[in-house]
1. Can you compute the helix-only [θ] at 222 nm over the chain? Use -39500 (n - 2.57) per DSSP H run of at least 4 residues, normalise by all residues, nearest 500 deg cm²/dmol.
2. Using a probe of 1.4 angstrom, how much of the accessible area of segment 210-307 is carbon and sulfur, in percent?
3. Can you give me the Cα centroid spacing of segment 272-304 and segment 57-104 in angstrom?
4. For the pair Lys147 and Arg175, what calculated FRET efficiency results from E = 1/(1 + (r/R0)^6), where r is the Cβ-Cβ distance and R0 = 35 Å, to the nearest 0.05?
5. Using label points projected 7 Å from each Cα along Cα→Cβ, tell me how many nm separate Arg258 and His227, to one decimal.
6. What is the dipole size for segment 127-272, taken about its Cα centre, with +1 at each Lys and Arg Cβ and -1 at each Asp and Glu Cβ, in debye to the nearest 20?
7. Name the lysines eligible as straight-distance cross-link partners of Lys287: C-alpha to C-alpha under 20 Å, and not fewer than 8 places from it in the same chain.
8. For the chain, give the magnitude of the charge dipole about the Cα centre (Cβ charges: +1 Lys/Arg, -1 Asp/Glu; no others), in debye to the nearest 20.
Amino acid sequence: MENRICALLGIRYPVFQGAMAWLSDGKLAAAVSEAGGLGIIAGGNAEGEIIRKEIQEAKKLTNRPFGVNIMLLSPHKEEVIKVVLEEKVACVTTGAGNPGKYIEAFHAQGIKVIPVVPSVALAKKMEKLGADAVIAEGNEAGGHIGKLSTMVLLPQVSDAVSIPVIGAGGIADHRGVDAAFTLGAEGVQLGTYFIPAEECRAHENYKNLVLEASDIDVTVTGRFTGHPVQVLRNKLTRKLDALEKNGGSLEEFEALGRGSLYQSVILGDLEKGSFMSGQIAGLVKKKGTCRELIETLLTDSKYISYE
């Protein structure tokens, strides 16, 4: 059936690969885009030229559309935005801030703007500012999370705006895809689902943690900081929990977690690493290429036909 997300971006399937810090590089984004979805490079706190290198890597691997996620709290956001404008990627997704003052510049270069939103109010604001679509992400998602679940957030956002809505958080099979579409989405975004992909740079220990996770192996750390993070349980999460319960300071908390993403993604350190993951990890049981994972995801979907 006709799909506004596919028409907007020129992609075959309305399936986005979520922007995961340290994981979503040019290689992974290109593989997802080559498979018919929309790959997204994670900007994180990286400097502009690092993102340029990832964009150019993706361009070597695919001529299909892909995007860049810009974290608007990044100290390097201005240089990343400059690089994205120069490289003219298909779209940007944004988080941790308001992209309003940049939308006109992006549109002038033909770049679609799709913010991640945790509430109806923010979704309506993004539509008013000229966003092309929004990603309604529930707190089932991995990494930094909001307050509302996908089941609650998605239908309310879909009712509140006229632009297309992508559902994110808690999706890892065709049932999740169909549920999102039933709730009003016209596309889906998945992060944790792509961690075991062959093209994902995650250490094998990271991939195996996801594949072996049960339904209760995901926890949230750092609620007291105002920026809670969803991760797989390990020795580091227990230390962070203990620090929080004992009234530790923000500085102590940040010091304990410093460098933990590098420890997980690159070194696979099961004790010191922060293994970000969505609540859906217990349902992720398949390795394979991005093409195989997208085929598996969409087979039997009532809304998206895999061809």
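1. Values: 13 runs with 122 residues, N = 307.
Helices in the chain give a 222 nm mean residue ellipticity of -11500 deg cm²/dmol.
2. Working: 2610 of 5380 Å².
Carbon-and-sulfur percentage of accessible area, whole number: 49.
3. 25
4. Values: r = 24 Å, r/R0 = 0.70.
Efficiency computed from Cβ-Cβ geometry: 0.90.
5. If labels sit at Arg258 and His227, their model points lie 1.4 nm apart.
6. Details: 13 positive and 21 negative charges, 95 e Å.
Its charge dipole is roughly 460 debye.
7. Hits, sequence-local ones excluded: Lys27, Lys207.
8. Numbers: 33 positive and 37 negative charges, 40 e Å.
It comes to approximately 200 debye.
The values are calculated or read from the model by the stated rules, or taken from the named source; none is laboratory data. Source: prediction; values computed, not measured. Every residue, glycine among them, receives a Cβ derived from its backbone with ideal geometry; neighbour counts consider all protein chains shown. Heavy atoms of the whole protein, side chains included, go into the accessibility calculation; ligands, DNA and RNA do not. Shrake-Rupley method; radii C 1.70, N 1.55, O 1.52, S 1.80 Å.
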